[in-house]
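What follows is a short report on a single structure.
Read the figures in this text as sums done on the coordinates, not as results from a lab. The structure presented is a predicted model; accordingly, all values stated were derived computationally and were not measured. Note that we place each Cβ from the backbone using ideal geometry, even for glycine, and neighbour counts take in every protein chain shown.
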Amino acid sequence: MKTIRSVMAKPLKHKYLLLTLPLFIIPFILFFSFGYPHHQTNRNQPPSGDPDLRIRPVYPSYEAYIKQQLKKTLNPKLRQVWTTKDWDRKIQVFTAFFTDLKHKRLLSNSSKALCIGARVGQEVEALKRVGVTDSVGIDLVPYPPLVLQGDFHCQPFENNTFDFEFSNVFDHALYPNKFVDEIQRTLKPGGVCVLHVALYQRPDKYSANDLYSVGPLVTMFHGSELVYTRPVDGFGLDTELVFRKRENKVIRGP
Ligand SMILES: *[C@@H]1O[C@H](CO)[C@@H](O)[C@H](O)[C@H]1NC(C)=O
Ligand SMILES: *[C@@H]1O[C@H](CO)[C@@H](O)[C@H](O)[C@H]1NC(C)=O
């Protein structure tokens, strides 16, 4: 009797062992699928520590970053496409965006306007066509007369210069804080900044950061108020954010 029972029990024990195997394997799977990326992103968080804005760890230095950005901006094939096939199509889309902003009274013909990271300047051309004649762009590579040379981390303009600034290259900022501080510095009090950003889609390989909510921008635009956000379809960018720089604070008596 004794021997029969032990012979029967052996396969049973193996069966239980097999059933408990997943209990040991699942934690490993979970660790490698979730634990590892979290570990990586913690290293790439900006000084603000907001996990919804992550600096990509691909640039060892500012010089390496500029070199990579120039590679795209100076690519002769891309420049050819931007100034021919892309030209009218992009101007049409930008014209619709700026016309909408005029209807909302966030932009007018008399606005002094800047487009940040404008490349060959289709957005500048669109602004001029809707009547905003005092418009200019900046980029690392100039494209006269629409686009002047300038790094958005250090804008070549005096404080309180513009009524309106537009950009769809926030994802290219290696130092997002500087990008925002420069906008707030060069906007006049009451001036409007319109950003097109990607929250739900991942931008291209030239991007320097990834943004996952509007939170980090609201924090960085501390001298401005958020006017609204809305979904848009703008060349791979899905969200429009509008900020207005606060008027100089009037100190009131008690
Ligand atoms: C603004 O400029 C456009 C284009 O030149 C013109 O059609 C429009 O009437 C102007 N708007 C105002 C309010 O002057
Ligand atoms: C321009 O603005 C910056 C930041 O707001 C400030 O630190 C600086 O003193 C200002 N420069 C001038 C010339 O007012």
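Among DSSP beta bridges lying fully in segment 53-245, give the percent that are antiparallel, nearest 5. If you can, show how the numbers build up before the last one.
Values: 19 of 35 bridges.
Counting DSSP beta bridges with both partners in segment 53-245, the antiparallel share is about 55 percent.
Counting Lys and Arg as +1 and Asp and Glu as -1, what is the net charge of the other residues whose Cβ lies under 11 Å from the Cβ of PRO203?
-1
Using a cut-off of 12 Å between beta-carbons, work out the net charge of the residues near ARG230 (Lys and Arg +1, Asp and Glu -1, ARG230 not included). Show your work: numbers first, answer last.
On the way: positive: LYS104; negative: ASP100, ASP233, ASP238, GLU240.
So the surrounding residues net to -3.
Here is the link list: LYS85/LYS112; LYS90/LYS245; LYS104/LYS245; LYS71/LYS112; LYS67/LYS205; LYS104/LYS128. Which ones come out longer than 20 Å on Cα distance?
Numbers: LYS85/LYS112 29 Å; LYS90/LYS245 28 Å; LYS104/LYS245 17 Å; LYS71/LYS112 30 Å; LYS67/LYS205 14 Å; LYS104/LYS128 18 Å.
Where the Cα-Cα span goes over 20 Å, the pairs concerned are LYS85/LYS112; LYS90/LYS245; LYS71/LYS112.
What residue among PRO189, HIS153, SER167 has its Cα farthest toward the positive end of the dipole of segment 114-254, where the charges are +1 on Lys, Arg and -1 on Asp, Glu, each on the Cβ?
Highest projection toward the positive end goes to PRO189.
Would you please give the residues with an amide H less than 5 Å from that of LEU148, counting only those at least 5 places away or on a separate chain, with H modeled from the backbone geometry?
Amide H neighbours of LEU148, under 5 Å, 5+ apart: GLY137, ILE138, ASP139, TYR143.
Starting from the amide H of GLY191, placed 1.01 Å from N in the peptide plane, find each other amide H under 5 Å away whose residue is 5 or more places distant or on another chain.
Here the answer is LYS245, since their amide H atoms fall under 5 Å of that of GLY191.
Using amide H atoms built 1.01 Å from N in the peptide plane, name the residues 5+ places from ALA208, or on other chains, whose amide H lies under 5 Å from its own.
HIS172, ALA173
Classify segment 53-245 as rounded, prolate or oblate from the Cα gyration tensor: take a ≥ b ≥ c as the square roots of its eigenvalues, call it rounded if a/c is under 1.5, otherwise prolate when a/b beats b/c and oblate if not. Mind dumping the intermediate values first?
Numbers: a/c = 1.35, a/b = 1.09, b/c = 1.24.
Since a/c stays below 1.5, the shape of segment 53-245 is classed as rounded.
Could you sort the peptides 144-150, 227-233 by per-residue average Cβ neighbour count (10 Å cutoff), highest mean leading?
Descending mean neighbour count gives 144-150, 227-233.
What are the ³J(HN,Hα) couplings of segment 147-155, residue after residue, when phi is run through the Karplus curve with 6.51, -1.76, 1.60 and θ = phi - 60°? Round to Hz, x for glycine and proline.
Computed from phi, the couplings for segment 147-155 are 10, 8, 6, x, 9, 5, 6, 7, 4 Hz.
Net charge near ASN75: determine it from the other residues with C-beta under 14 Å of the C-beta of ASN75, scoring Lys and Arg +1 and Asp and Glu -1.
Details: positive: LYS67, LYS71, LYS72, LYS77, ARG79, ARG119, LYS205; negative: ASP86, ASP139, ASP204.
In short, +4.
Label points 7 Å out from Cα along the Cβ direction at SER108 and LEU78: separation in nm?
With each label point 7 Å from Cα toward Cβ, the separation is 3.8 nm.
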